[in-house]
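Colleague: The structure under discussion is supplied below as structure tokens; questions concerning it will follow.
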Amino acid sequence: QVQLVESGGGLVQAGGSLRVSCAASGTIFSINAMGWYRQAPGKQRELVASITSSGSTNYADSVKGRFTISKNNANAKITAYLQMNTLKPEDTAVYYCNAKALKASGPFDYWGQGTQVTVSS
């Protein structure tokens, strides 16, 4: 089992910055990628950014050049960070941490509880 604990988020003015963090614990050896998704009211959940165990990253077109995903392995945890710069009102959403793991039964997605990011105009 993998546990994901998110932190960060909050309210910021347009053009500002925020960082959200996600600490993964438990059977972290099974994780092959971590990422951040977001869901705005009335919209589907969408991928924002992801990072593989080898450090390869992927970004949604809407956040390229503004957001940076990174990770750190220490103290039996993997912590993924999403640094969000030049925030726009359309970035307002609940941001969910995701960990893609490989279990004996096959691929499995773990999700965090979500953290609200609100960007005021």
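The values are calculated or read from the model by the stated rules, or taken from the named source; none is laboratory data. Here the structure is a predicted model, which means the values were calculated and not measured. Quick reminder, even Gly has a Cβ in these numbers, built from the backbone with ideal geometry, and neighbours come from all protein chains shown. Please note that ligands, DNA and RNA were not included when accessible areas were found on the heavy atoms of the full protein model with its side chains. Shrake-Rupley method; radii C 1.70, N 1.55, O 1.52, S 1.80 Å.
Colleague: Given the condition within 24 Å of ALA104 (Cβ to Cβ) and part of a strand (DSSP E or B), answer yes or no: does some residue in the stretch 8-15 qualify? It would help to see each step written out before you state the result.
Modeller: Looking only at the stretch 8-15, we keep the residues that are within 24 Å of ALA104 (Cβ to Cβ), and these are none.
There is no residue in the stretch 8-15 that is within 24 Å of ALA104 (Cβ to Cβ) and part of a strand (DSSP E or B).
Colleague: Mind checking which pairs have a first residue in the stretch 100-115 that is under 30 Å from LEU11 (Cα atoms) and a second that is open to solvent by 20 Å² or more (accessible area, probe 1.4 Å) and in a loop (DSSP other than H, G, I, E, B), Cβ under 7 Å, 6 or more apart or different chains?
Modeller: Final answer for the pair search is THR115/GLY9.
Colleague: Those residues that are free of Cβ contacts under 8 Å to residues at least 24 places away in the same chain and at negative phi, I need them from the stretch 58-72; list them, please.
Modeller: Hits for the stretch 58-72 are ASN58, TYR59, ALA60, ASP61, LYS64, ARG66, PHE67, THR68, SER70, ASN72.
Colleague: From the list TRP111, TRP36, exactly one residue is open to solvent by 50 Å² or more (accessible area, probe 1.4 Å) and not polar (S, T, N, Q). Which is it?
Modeller: TRP111
Colleague: Having 2 or more residues that are more than 24 Å from VAL2 (Cα to Cα) and touching a strand residue (DSSP E or B) at 6+ places or on another chain (Cβ under 7 Å) is the bar; report the strands (runs of 3 or more DSSP E) wholly within the stretch 16-121 that clear it.
Modeller: Answer list for the stretch 16-121: 115-120.
Colleague: Restricted to the stretch 54-82, and to residues that are over 24 Å from ALA14 (Cα atoms) and of a type in the set (Lys, Arg), which residue is least open to solvent (accessible area, probe 1.4 Å)?
Modeller: Checking each candidate, the answer is LYS71.
Colleague: Please go through the stretch 83-108 and pick out each residue that is over 22 Å from GLY65 (Cβ atoms) and open to solvent by 50 Å² or more (accessible area, probe 1.4 Å).
Modeller: LYS100, LEU102, LYS103, ALA104, SER105, PRO107, PHE108
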